[in-house]
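> First the structure, which I've put down as structure tokens, then a few questions once you've had a look.
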Amino acid sequence: METFAPNLVPIKAATGGPMNLSELHQIHRRHLLSLRRSEGTVEYYSQTITSLERYMASEGLTPDLTAVDKPLLQGFVLHLRQRGLAPGGEHATMRGIRATLRWAFEEELIPNNPMARFKLAPVPQVMPPAVSGMEAKAALKAAKETSHPLRDQAILLTLLDTGVRLSELLQLQTADIDLARGMVRVREETSKRKKERRVPIGIKAGKAITIYERRERKPARPHIQEMFLNRSGLPMSKSGLHNLMLRLAQSADIPPAHLSPHACRRAFATMALTNGVDVFTLREMMGHASLEQTRVYLRLSEEDLQRAHLRASPADRL
């Protein structure tokens with residue numbers, strides 16, 4: 001891909017001066033929304049550009065696109081590290097900025113792409129945390145002692161049994177859960193890929209949802225359809241769910257990272273694979289756009305690999 005267009009000049013802002021990062025982001029945001037990208041995706045790009053703007057302000061620079069070059073971006077990377085950002089977070093931030101600048105260059109909003117030959121530091125291949133079976137049992141035991149025990153047990157079991165994302169769980173409505181067929185519908189408008197999918201749910205999780213809905217779920221208004229509500233009878237927020245998982249982790253003496261909603265999703269993927277679900281089916285259940293995304297969740301431990309080999313050892317079957 002061409003990285004420099006000599007006949008182009010930066011498109012000017014409405015004020016007549018060079019376009020700044022905020023103005024570029026607003027144009028990019030409209031582009032993302034026109035493609036029906038999820039709220040989380042749009043927010044991700046917003047956060048990456050905002051972090052670069054703040055860095056430039058701290059360096060006494062105006063956030064004009066003309067000031068964004070390779071040395072500035074290298075300084076920004078070092079700034080992220082000095083702040084203690086993890087390698088994965090650093091990589092994610094720079095990927096977002098790279099995608100925005102690449103899009104701006106392709107749309108001829110900037111004359112060159114300062115990240116065209118910018119190499120990102122590799123991310124150490126560390127197995128991401130996932131809740132274990134013992135930890136899940138401890139968390140469920142802790143959930144029985146909360147102020148909303150039926151709801152909290154239902155949430156944990158739904159996360160572990162379906163592998164849905166945090167935002168998908170919070171936006172589940174009562175009509176999305178078909179316990180007669182043992183299926184949960186993730187609607188198009190709530191899915192990250194903007195594609196409806198149906199995920200199986202087991203008897204234990206289904207029973208927990210039924211008991212919660214009958215005994216404890218009390219919506220503040222009749223029109224509220226979300227399944228999981230807070231103590232005021234309103235739909236739970238992301239922060240509310242994160243705080244709940246943190247309290248459960250503390251009560252059960254579990255590392256908080258092991259009981260995050262995403263750790264539950266990762267545990268679902270790993271357990272599904274070790275229990276015989278093929279990667280193609282798992283991809284559909286998790287709502288991934290590619291198999292590569294699914295493989296990220298499937299870095300198995302040595303114990304998992306040993307058990308799989310014992311079940312299917314070619315030499316032992318001769």
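Every number in this text was worked out from the coordinates using simple rules, so none of it is lab data. Keep in mind it's a predicted model, so treat the numbers as computed, not measured. Don't worry about glycine lacking a Cβ; one is built from the backbone with ideal geometry, like all the others, and counts go over all protein chains shown.
> Please report Rg over Rh for the stretch 47-197, where both radii come from the alpha carbon positions and Rh follows the Kirkwood definition. Spell out each step's value before the answer.
Details: Rg = 21.7 Å, Rh = 19.4 Å.
Rg divided by Rh gives 1.12.
> Extent of the chain along each principal axis, from alpha carbon coordinates, in Å, largest to smallest?
64, 64, 35
> Using the Cα centre as the reference, give the magnitude of the dipole from point charges on the C-beta atoms of the stretch 19-168 (Lys, Arg: +1; Asp, Glu: -1; all else neutral), rounded to the nearest 20 debye.
Values: 18 positive and 16 negative charges, 74 e Å.
That gives the stretch 19-168 a dipole magnitude of about 360 debye.
> Normalise the Debye intensity by I(0) for the stretch 209-304, one equal point scatterer per Cα, no solvent, then take log10 at q = 0.10, 0.16 Å⁻¹ and round to two decimals.
-0.41, -0.89
> Enumerate by residue number the GluC sites (Glu not before Pro) in the stretch 110-181 meeting two conditions: DSSP loop (anything except H, G, I, E, B), and at most 13 other Cβ atoms within 10 Å of the site's Cβ.
Loop-located and lightly packed - GLU145.
> While we're here: Cut-off is 10 Å between beta-carbons; in what order do MET94, MET183, MET227 appear when sorted fewest neighbours first?
Listing MET94, MET183, MET227 from fewest to most nearby Cβ atoms yields MET183, MET94, MET227.
> Enumerate by residue number the trypsin sites (Lys or Arg not before Pro) in the stretch 211-290 meeting two conditions: DSSP loop (anything except H, G, I, E, B), and at most 13 other Cβ atoms within 10 Å of the site's Cβ.
Details: sites: ARG214, ARG215, ARG217, ARG231, LYS238, ARG247, ARG265, ARG266, ARG283; in loops: ARG217, ARG231.
Those satisfying the criteria are ARG231.
> Nearest 10 degrees, 0 to 90: what angle lies between the long axis of helix 149-162 and the longest principal axis of the chain (Cα atoms)?
That helix lies at roughly 70 degrees to the long axis.
> In addition: Taking neighbour Cβ counts within 10 Å as the exposure measure, how do ARG117, ARG151, ARG198 sort from fewest upward? Numbers along the way, then the final one.
On the way: ARG117 8, ARG151 26, ARG198 14.
Sorted ascending by nearby Cβ count, the order is ARG117, ARG198, ARG151.
> Debye calculation, C-alpha points only, no solvent: report log10 I(q)/I(0) for the stretch 133-302 at q = 0.10, 0.17, 0.18 Å⁻¹, in the same order as the q values.
Treating every Cα as an identical point scatterer, log10 I(q)/I(0) equals -0.35, -1.07, -1.21.
> Between helix 21-34 and the chain, what is the angle of the helix's C-alpha long axis to the longest principal axis, kept within 0 to 90° and rounded to the nearest 10?
Around 50 degrees separate the two axes.
> What are the radius of gyration and Dmax of the stretch 1-126, computed over its Cα atoms and given in Å?
Radius of gyration, then largest Cα-Cα span, for the stretch 1-126: 14.5, 48 Å.
> Modelling each spin label as a point 7 Å along the Cα-to-Cβ direction, I'd like the GLN293/ALA175 distance in nm, to one decimal.
Using points 7 Å along Cα→Cβ, the separation is 2.6 nm.
> So for each of 53-60, 25-32 I average, over its residues, the number of other beta carbons within 10 Å; can you give me the resulting order with the highest mean first? List each step's numbers first, then the result.
Numbers: 53-60: 13.4, 25-32: 16.5.
Order by mean packing, descending: 25-32, 53-60.
> Roughly how large, in nm² to one decimal, is the mean projection of the convex hull of the alpha-carbon atoms in the stretch 85-144?
7.0
> Could you check the simple spin-label distance between ILE27 and SER251, using points 7 Å along Cα→Cβ, in nm with one decimal?
The answer from the label model is 5.2 nm.
> Just rank HIS148, HIS242, fewest to most, by other beta-carbon atoms within 10 angstrom.
Values: HIS148 18, HIS242 14.
Fewest-to-most Cβ neighbours within 10 Å comes out as HIS242, HIS148.
> Between ALA116 and ASN275, 0.36 nm times their residue separation minus their Cα-Cα distance comes to what? Walk me through the intermediate numbers first.
Working: separation 159, 0.36 × 159 = 57.24 nm, distance 4.30 nm.
Extending this stretch completely gives an extra 52.9 nm.
> What FRET efficiency comes out for the pair GLU107/ARG187, r = Cβ-Cβ distance, R0 = 22 Å, nearest 0.05?
After rounding, the FRET efficiency stands at 0.10.
> In addition: Please determine, in degrees from 0 to 90 and to the nearest 10, the orientation of helix 133-143 with respect to the longest principal axis defined by the Cα atoms of the chain, where the helix direction is its Cα long axis.
80
> Oh, and also: For an R0 of 35 angstrom, estimate the FRET efficiency from the Cβ-Cβ distance between LEU35 and THR66 and round to the nearest 0.05.
On the way: r = 28 Å, r/R0 = 0.79.
Computed FRET efficiency for LEU35 and THR66 comes out at 0.80.
> If you average 1/r over all unlike Cα pairs in the stretch 236-279 and invert the result, what Kirkwood radius do you get in angstrom? Could you put the intermediate results ahead of the total?
Values: mean 1/r = 0.0874 Å⁻¹.
By the Kirkwood definition, the hydrodynamic radius is 11.4 Å.
> Could I ask something else about it? Would you mind estimating how fast the stretch 169-268 diffuses translationally, via Stokes-Einstein at 10 °C and 1.306 mPa s with the Kirkwood radius over Cα pairs, in µm²/s?
For the chosen part, D equals 107 µm²/s.
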